[in-house]
1. For the range A:45-123, which trypsin sites (Lys or Arg not before Pro) pass both filters: DSSP loop (anything but H, G, I, E, B) and at most 15 other C-beta atoms within 10 Å?
2. How high is the FRET efficiency from A:K182 to A:A294, r the C-beta distance, R0 41 Å, rounded to 0.05?
3. Could I have the simple spin-label model distance between A:S122 and A:T101, label points 7 Å from Cα toward Cβ, reported in nm to one decimal?
4. Go through A:173-181, A:153-161 and give me the packing order, highest mean Cβ count within 10 Å leading.
5. Once the Cβ-Cβ distance between A:F314 and A:D56 is put in as r, and R0 is 56 Å, what FRET efficiency do you end up with, to the nearest 0.05?
6. What does the charge add up to near A:K87, with Lys and Arg as +1, Asp and Glu as -1, over the other residues with Cβ less than 14 Å from its Cβ?
7. Provide A:F289, A:F76 in ascending order of the number of other Cβ atoms located within 10 Å of each residue's Cβ, fewest first.
8. Do you know the relative contact order of the range A:32-111, to the nearest whole percent, from alpha carbon pairs under 8 angstrom that are 6+ apart?
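Every number in this text was worked out from the coordinates using simple rules, so none of it is lab data. Predicted model only: the values in this text are computed from it and were never measured. Backbone-built Cβ (ideal geometry, glycine too); neighbour counts: all protein chains shown.
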Amino acid sequence: MESQVAGGPAGPALPNGPLLGTNGASDDSKTNLIVNYLPQNMTQDEFKSLFGSIGDIESCKLVRDKITGQSLGYGFVNYSDPNDADKAINTLNGLKLQTKTIKVSYARPSSASIRDANLYVSGLPKTMSQKEMEQLFSQYGRIITSRILVDQVTGVSRGVGFIRFDKRIEAEEAIKGLNGQKPLGAAEPITVKFANNPSQKTGQALLTHLYQSSARRYAGPLHHQTQRFRLDNLLNMAYGVKRFSPIAIDGMSGLAGVGLSGGAAGAGWCIFVYNLSPEADESVLWQLFGPFGAVTNVKVIRDFTTNKCKGFGFVTMTNYDEAAMAIASLNGYRLGERVLQVSFKTSKQHKA
DNA sequence: TCATATT
């Protein structure tokens with residue numbers, strides 16, 4: 001993560017110049033851990049507290065979905081002392097937390113070459129074991145993880161599995177070599193392709209969350225036209241249907257001086273979004289508001305010196321009804337540990 | 001017939 005400078009009194013004298021290893025990279029391979037199979041509902045604070053009980057933490061991060069803020073079930077911990085990292089592996093690896101058994105291991109150095117190295121395999125013989133599947137794939141490289149999905153009730157293989165290689169090149173070679181091939185003694189060929197990236201799922205996950213939260217917020221019989229409008233549109237979005245609603249939502253009375261920004265270039269409805277994380281960027285706003293309709297502009301307000309988001313931003317949408325829908329759906333939406341506040345921007349001139 | 005491992 002961050003460069004660490006060796007300052008140990010017992011270490012060899014360092015030459016002048018950058019206090020880095022000969023390869024120019026900082027060496028956190030002895031202090032940086034990856035933690036997998038965390039319970040879905042574990043928070044950053046709980047994560048830090050659990051691993052902080054071992055020793056001083058330099059930094060730690062529970063990895064979450066960029067858009068929905070949901071935990072992705074893994075995280076990183078960087079200890080100040082390599083001995084604490086070792087201790088964390090020995091004492092916390094295999095710990096059972098709720099339904100999960102967490103895995104604690106040293107993190108490989110992060111690089112582009114190890115990303116997108118995860119394969120989805122289907123059409124496997126039901127009799128093939130995880131070990132046999134690994135043997136089949138191991139000729140193409142170092143396998144980091146493997147799994148065969150099983151029927152929840154019977155425990156029998158579903159013929160579907162995952163293989164994560166150390167390097168993406170190895171995964172590519174495995175696809176070339178094994179996709180469409182019959183394993184020894186198998187009746188049918190297997191399909192080998194890259195597994196879905198979690199980020200591809202987030203659009204759908206967002207819509208699901210929005211639909212659920214919307215359904216909760218407007219719980220009750222759907223006889224009111226406004227409610228029907230919202231739910232119809234959320235369902236339409238989920239199915240990718242674009243259509244105009246014949247039902248007009250609440251009138252636009254009482255909106256004088258609110259939201260509507262004039263000017264040829266900036267015409268549209270300006271929306272104020274509050275409680276963004278310091279890490280938020282424009283893409284988050286595009287992805288949050290895009291599903292609701294035409295978005296012409298997004299802006300994250302950043303601190304000039306740190307370049308971190310100051311906690312708020314603005315989105316401009318062309319159509320009133322789509323902006324109103326976005327506000328109704330996203331106001332109060334939980335993004336990670338934060339609850340968004342979303343409203344039409346109020347004009348500053350009129351404030352006391 | 002896609003669960004979750006690279007900040």
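1. Passing sites in the range A:45-123 are A:R115.
2. 0.25
3. Placing both labels 7 Å along Cα→Cβ, they lie 2.9 nm apart.
4. Top of the packing list down: A:173-181, A:153-161.
5. 0.90
6. Taking every Cβ under 14 Å from that of A:K87, the sum is -3.
7. A:F76, A:F289
8. Relative contact order of the range A:32-111: 40 percent.
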